[in-house]
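Visitor: Submitted below is the structure of interest, expressed as structure tokens.
The values are calculated or read from the model by the stated rules, or taken from the named source; none is laboratory data. Owing to the predicted nature of the structure, the values given are computational and were not obtained by experimental measurement. Note that each Cβ is placed from the backbone with ideal geometry, even for glycine, and that neighbours are counted across all protein chains shown. Please note that ligands, DNA and RNA were not included when accessible areas were found on the heavy atoms of the full protein model with its side chains. Shrake-Rupley method; radii C 1.70, N 1.55, O 1.52, S 1.80 Å.
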Amino acid sequence: MVVAPEFRRRGVGSALTLARLEWIWSRASIAHYFANEHNTASIKMHEALGFQLVARFPEIRGVTADDGRSELILFEASR
């Protein structure tokens, strides 16, 4: 998800993520999220919504961050 710069820090990302979580919770009891280790804004928002660090990887299913120069961090939240 990307929020336009002029709308950041207004709760848009949190509202969209909460809506996404409600959809997930109606179908599953665990949600996963991963991010580039340098995406601190997204990481902090997800941690505030209950996501906890699971692991760090150089790659997840063929996806890398910064052409493999950064780690991807996997988070999990449960209902």
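Visitor: In segment 25-54, what residues are exposed (fewer than 13 other Cβ atoms within 10 Å of the Cβ), hydroxyl-bearing (Ser, Thr, Tyr) and either farther than 19 Å from Ser70 by Cα or touching a residue at least 40 places away in the same chain (Cβ under 8 Å) (or both)?
Guide: Ser26, Ser29, listed by residue number.
Visitor: Residues that are more than 13 Å from Ile73 (Cα to Cα), modelled with pLDDT of 95 or more, in a helix (DSSP H, G or I) and of a type in the set (Phe, Trp, Tyr): does segment 4-19 have at least one?
Guide: Scanning segment 4-19 turns up no residue that is more than 13 Å from Ile73 (Cα to Cα), modelled with pLDDT of 95 or more, in a helix (DSSP H, G or I) and of a type in the set (Phe, Trp, Tyr).
Residue-wise test of (1) among the aromatic types (Phe, Trp, Tyr); (2) at pLDDT 95 or above; (3) over 24 Å from Ala4 (Cβ atoms).
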site: Lys44; (1), (2), (3): no, yes, no
site: Gln52; (1), (2), (3): no, yes, yes
site: Ile60; (1), (2), (3): no, no, yes
site: Thr64; (1), (2), (3): no, no, yes
site: Arg79; (1), (2), (3): no, no, yes
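Visitor: Same structure, new question: Kindly evaluate Glu22 against the criterion of being open to solvent by 90 Å² or more (accessible area, probe 1.4 Å), part of a helix (DSSP H, G or I) and either touching a strand residue (DSSP E or B) at 6+ places or on another chain (Cβ under 8 Å) or modelled with pLDDT under 95 (or both).
Guide: The answer is no for Glu22.
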